[in-house]
Amino acid sequence: MGRPGFTLGIGPSHASGITGLYGLPYDHPGRNTEEYLRVLTGLLRGETVTFEGVDWTAKDETAPTVQPVPVLLAALGPRLPRVAGELADGSPGATRRPWPPGPVGRCHQRTAGSVSRFSGRA
């Protein structure tokens, strides 16, 4: 990211971890991740966050910040490349170069195009 410090990477995880280990529902991972990211990125920018979603709610929440914390979002699903482009600083799959050969590489290329398009950085 071109600076020393911490970069936070988040993603929707996997059903086995969320439901199996924590006992939480995993019915809408895209929606849950988008709502979480809306709250998290606001707090990391030092904003007072008020948000009411289906999965996450914040009312006048604040968090002290010392320096900006870039956030990368794992975004290989149909919804999350848009979310990464709009709310995050990027996606690890979109920034990797060179891409691996075959289907995995093609998936990363599609993700990179979607993240760039939604971020206005195309």
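Please treat every number below as a calculation from the coordinates, not as lab data. On a predicted model such as this, the values are computed, not experimentally measured, just so you know. Glycine gets a Cβ as well: all are built from the backbone with ideal geometry, and neighbour counts include every protein chain shown.
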Exercise for the section: Go through segment 43-52 residue by residue and turn each phi into a ³J(HN,Hα) via Karplus (6.51, -1.76, 1.60, θ = phi - 60°); whole Hz please, and just put x for glycine and proline. Expected result: 5, 5, 8, x, 7, 7, 10, 10, 8, 10
Fill in the blank from the handout: Residues other than GLY53 with Cβ under 10 Å of its Cβ, Lys/Arg counted +1 and Asp/Glu -1, net out at -2
Handout entry: Total formal charge among the other residues, if their Cβ is under 12 angstrom from that of LEU73, Lys/Arg +1 and Asp/Glu -1
Key = 0
Exercise for the section: Would you grab the residues whose amide H sits under 5 Å from the one on GLY9? Only those 5+ places off in sequence or on another chain, please, with H modelled 1.01 Å from N. Expected result: LEU72
Exercise for the section: Any chance you could run the full-extension gain for HIS28 through SER16? It's 0.36 nm times the residue separation minus the Cα-Cα distance, nm to one decimal. Expected result: 2.9 nm
